[in-house]
1. At R0 = 30 Å, how high is the FRET efficiency between B:PHE328 and B:ASP217 if r is their beta carbon distance? Nearest 0.05 is fine.
2. Compute the distance in nm between two label points, each set 7 Å from the Cα along the Cα-to-Cβ direction, one at A:ASP259 and one at A:ALA35.
3. Please arrange A:ASP187, B:ASP344 by counting, for each residue, the other beta carbons lying within 10 Å of its beta carbon, fewest first.
4. Please list the equivalent ellipsoid semi-axes of the protein assembly as shown, computed as the square roots of five times the alpha-carbon gyration tensor eigenvalues, in descending order and whole angstrom.
5. Hand me the trypsin sites (Lys or Arg not before Pro) from region A:207-265 located in a DSSP loop with no more than 16 other Cβ atoms within 10 Å, in residue order please.
6. Based on other C-beta atoms within 10 Å, arrange B:ASP134, A:ASP290 from fewest to most.
7. For region A:154-168 and region B:330-383, what is the separation of their Cα centres, given in Å?
8. Given the C-alpha centroids of region B:256-277 and region A:323-348, what is the distance between them in whole angstrom?
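Each value in this text was obtained by applying a stated rule to the coordinates, not by laboratory testing. Just so you know, these numbers come straight off a predicted model, no measurement behind them. Every residue, glycine among them, receives a Cβ derived from its backbone with ideal geometry; neighbour counts consider all protein chains shown.
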Amino acid sequence: MPMTATDRRHFLLAAGASAALAGLSRPGRAAPAPAPRFAVTAATADRGYALCLLDAEGRIGRQEALPGRGHGFAWHGASGRLVAFARRPGTFAVMLAPGDGTALRFACAPGRHFYGHGLFSADGRLLYACENAYETATGVIGVYDAAAGFARLGEIETNGIGPHQVDWLPGGRTMVVANGGIETHPDYGRTKLNIATMEPSVALLDAAGGRILAQDALPPALHRLSLRHLAVDGRGIAWIGGQYEGPQTDLPPLLARFDPAGGRLSSLAMPPALAGRYRNYIGSVTASADGRLIATSGPRGSLATLWDAATGQPLASHAIEDVCGLAAWGAGFLATGGTGDLVRLAAGGATPIARLAPPGRTPRWDNHALAL
Amino acid sequence: MKALLAPFLRPVVLLPVVLLPVVLLPMVLVPMVLLLGAAQPARAADPLPDDSLRAIVADALEHAIRPGFDNLARSAGVLEVTTGALCAAPSAASLDAARTAFAETLQAWSAVEYIRLGPMTDANRADRLYFWPDRKSITLRHVQAALAKADPGLVTREGMADASIALQGLPALEFLFYGSGAESLATGPAGYRCAFAAAVAGNIAAIAGAAAADWHDPEGFAALLLAPGPDNPLFRDAEEAAVRITDIPGTGLHALRDQKLLPAIGSGPADARPNLAPFRRSGLTNMALRANLKGLQGLADRAGIAAATRDRAPALQDGVDIVYRNTFAALESLAGPLGEAAADPARRGPVNYLALLTDRLRNLLQDQMPGALGMKVMFNAYDGD
C-alpha cells in the first residue's frame, strides 16, 4: 500500500494514552507500573498489535498500540529511547521513551519499507533501519535524525537484497548486516519473488562513510539459505541464523559466523538431531549481556538453544512452543513464545516466568524481544 | 537482473534428512519435559484425534495430490507430443491441437499449483513450471531475446534445463504459442520458434513427470508425511504432518490474491494493470483462476478437511461452501478476461465482487478454520519473518 502524505507526516501520540491496557493487565491490580525490563512485540486479543514493556516477572507495565504488525527494535539506553519497527512490508516505526512516557510515530521514505530491525548510533543521535527500496529491490540502511523527530537523512546501500538485521561491531563504528537475499515488492504482499536465484550475503558497513568494508557469501550450494538474524558476540564475531528456502528434505547448516578480521563467512556445524529439530528455520539470534553465550530460537521446531560463543558448541536446548523472541537477561536470556509463554533460559536450565493468558487468549508474543 | 540472466542453478543435495540417524539428543528431551506444564499449545478447540489427522494426510495423497500430479504429467506428455507434431507438420489444425494441449496442461497445473510441498520444493520445480509473479516481464524479455539469438544449444533437453527459469515453463510456452509471431507456427517449414516451443514442452513434461514419480516414491516425501513420529525427521507427530495439508487451501487463497488477483485489478479501473494478469495472452486467465480454486476446494473435499470442519463447525463450512459458490459465479459473470474487465468501468462490478469474495474465503480458510479444527495456533512458526 503506497504511503499517503498524511501517513508520512510525523505526529505525536498522546503520552500516556496507552495507560489503559485493553484488558491485558491483570484485573484488580492497581499497583504502580513496575520498572520495564524488556520490550516485546505482540498480537493482542482484539486482533490488534502492540509494543509491550515487561518487568522482570513478566508483567506488562505499558502497552503501546501499533498500527500494524511490529517486528524488532532499536534501543539507546543512555537517552532511554526505544524504537519498534513494522515488519515487512510495513512503513511505520514507533519511538517510545519508557522513562518520560513520550511516544512518536514516524515512517520511512516513499518507495521504501522497513524490514523490522535497526539500531542507534553510540551517542543516540542517529537511528539506522534496515529497509527495502522496492522498485529496484535495493537493500538500504535508512538513516534518521533522533534529534529532529526522526527525520530521514538519507540511506546507505547494503550491496544486497533484503538487509534484514544489523548490529554493531565492538566500537560502534562498523555495522554488520545480513542481506537475506529475498526480493519482495509490496504490490505482491509478502510473496518471495526470487527464490531460485537469491544471493544472500553478510556485509560490513562503515557507518560514517557508508562504504562496504567487506562482504562474503556462503558457497553456491547454500544460496537458498536466507541469512536474516544476527548478533555479535563478546569477541566481535557475528552469528547469523538462516531460513532455508530449498527442498524440504535438505538439512543445511542453519548457523553461520562472520569474522570481521578475515571478512569471511563460515557455516557452523550443528549436531544432526538438533539441526533437524529446527525445521530449517531460525527465528532470532541474540547474544548474552557478557557476550559469552549466543541463543537461537526455532519457532517451527519449538526449540531454543544456547551456544558457547567461544567454542561454537551447543550447551543446552529447550522445548518451548512457538518460541521466537530472545532477549539477554543476566547470564542468560528471556525467551518468548507465540503461545504467551515467557521463559528464563540459562545454560543450566529453563524456568517458566509467566503465562499471561489462557490458550487462545492473547497476547501472543511476536518474533522479537529486547532487553532494556 | 544479473542473477536471473545467469544459468539456472542446479540443486545441490546438501544432506538428505532421510539418510540421517535420527536420535534426539538428551539435552533436547530433558528440558522438554521440564517445560510441559508451562507450554501447552494455544488451541481454540480440542485437537482432532490422531487417526483423523492421519486420515487427512492419507486421503489427500491418495485422492488429491497423487491423482493431481499424475494428471499434470499425463497432460504435459500430450503437450510434448502435440508440440512435436506441430513442428513436424505445421498447420492451423496442428497449432490448434498444441494450443488445446497447452490449455489442458495449464488446467492440470492450476489444480495442483498451491501444493508446494516436498517434491515441488525440489529442484525449483514449481518456479520452473510457472515463473510467477513476473512483475518486470522477465519472461517476455528473455523469450524475445532467445528468439532473436536463435541459439541451437538452448532448444535441447540439456540446454533448456540449464536456461533461465523464466524460459522453462508455461509462461514462456504461452508466449511462443500465443504471443506476437505465433501465427508463423501454423505455416511451414517449422523454424526456431517451434523447436524452442518443443524444447519447453519437453521440459515441462520432464519436470511434471519427475514430480509425479516423486509423489509415488515409497521412500520419498510422501512416506515421511504418512509416518509421523518421534523418529521422523520432518514430522514429529500426526498434527505436524496434517497441518501441511490443512493449511494448503488458506495459503493458496492468500497467494492467489496477492500474486494474481490484486496486482492486476488494482483499486479501481484506472489503477488496473491488465498486463499483470496471468495467462492474458492466451485468454486463459479466468480458466486458470477457476482451476486454482477448484483445486483448493477439491483438496479440502477429498482430504476430508471439509468434512472435519463441517463436523466441528457446521456453519463455518456452510460459509466456505457459499463463498466458493459465489466466487465461481462471479468468475463466470466476468465479461471478458479478468484484467480487461478490471480496467473497464462498465465491466468492473464482478471484479470488485470477486476481490471481496476471495478475501472472505481467505479469512474463513486461513484465520478461522485452523482454530475450528483444533489446530495449534503457531503465530511465529507459520507466519514468521
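1. Computed FRET efficiency for B:PHE328 and B:ASP217: 0.30.
2. 4.0
3. So the residues, fewest neighbours to most, are B:ASP344, A:ASP187.
4. 43, 29, 27
5. Filter output for region A:207-265: A:ARG211, A:ARG235.
6. So the ranking, lowest neighbour count to highest, is A:ASP290, B:ASP134.
7. Between the Cα centre of region A:154-168 and that of region B:330-383, the gap is 35 Å.
8. 43
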